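Report on the following structure.
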Amino acid sequence: MKRFNMWLATIITDGVATMWCAYIFAAIALISLPKALQSGDSIVIISWVAQTFLQLVLLSIIMVGQKVQSKKVEDTINETHTASLAEFELAKEARNNARAELVELHQISRDIHTLMKEVEAKLSH
C-alpha cells in the first residue's frame with residue numbers, strides 16, 4: 001500500500017506541478033467569477049480571489065517554481081562535484097610529481113655525498 005501511495009503521490013505531484021495545470025486551474029476558477037461579481041458583495045469577491053483563484057492557481061505555480069529552484073540547486077551540486085573531482089585529480093597528479101621529484105632529490109643528495117667523500121679522500125692523501 002505504501003508503494004502505491006508513493007506512486008500515486010508522484011503522479012499527482014508531477015501533473016499538478018506544471019504551468020498547464022495552472023492554466024487549467026485558472027480557467028476553472030474563472031467559471032465562478034461572474035457569479036462572484038454579480039453578487040456585488042465585496043466579501044464574496046475577496047473570498048473568490050483568495051479562496052478560489054489564488055489557491056487553485058498559485059498551488060501549481062509555486063510547485064513549478066520549486067521544481068525550477070530544485071533543478072538549479074541540482075545543477076550547482078553537479079557542477080561542484082565535477083569541479084571537485086577535477087581538483088582531486090590535479091592534486092593526485094601534483095602529489096605524484098612531488099614524489100618523483102623527491103626521489104630525484106634523494107638521488108642527487110646521495111650523489112653529492114658520494115662526491116664529497118671522494119673529494120675528502122683525495123684531499124686527505
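The values are calculated or read from the model by the stated rules, or taken from the named source; none is laboratory data. This one's a predicted model, so the numbers in the text were calculated from it and none came from an experiment. In this analysis, Cβ positions are derived from the backbone assuming ideal geometry, glycine residues included, and neighbour counts consider all displayed protein chains.
Looking across segment 8-27, the residues that are farther than 10 Å from V64 by Cβ and either surrounded by 14 or more Cβ atoms within 10 Å (Cβ to Cβ) or within 24 Å of the chain's Cα centre (by Cα) (or both) come down to A9, T10, I11, I12, T13, D14, G15, I24, F25, A26.
How many residues does segment 71-119 contain that are of a type in the set (S, T, N, Q) and more than 30 Å from A17 (Cβ to Cβ)?
Of segment 71-119, the ones of a type in the set (S, T, N, Q) are 76, 78, 80, 82, 84, 96-97, 107, 109, 114.
So of that shortlist, the ones also more than 30 Å from A17 (Cβ to Cβ) come out as 84, 96-97, 107, 109, 114.
Residues in segment 71-119 being of a type in the set (S, T, N, Q) and more than 30 Å from A17 (Cβ to Cβ): 6 in total.
Scanning segment 46-56 for residues that are within 29 Å of the chain's Cα centre (by Cα) and at pLDDT 90 or above yields no hits at all.
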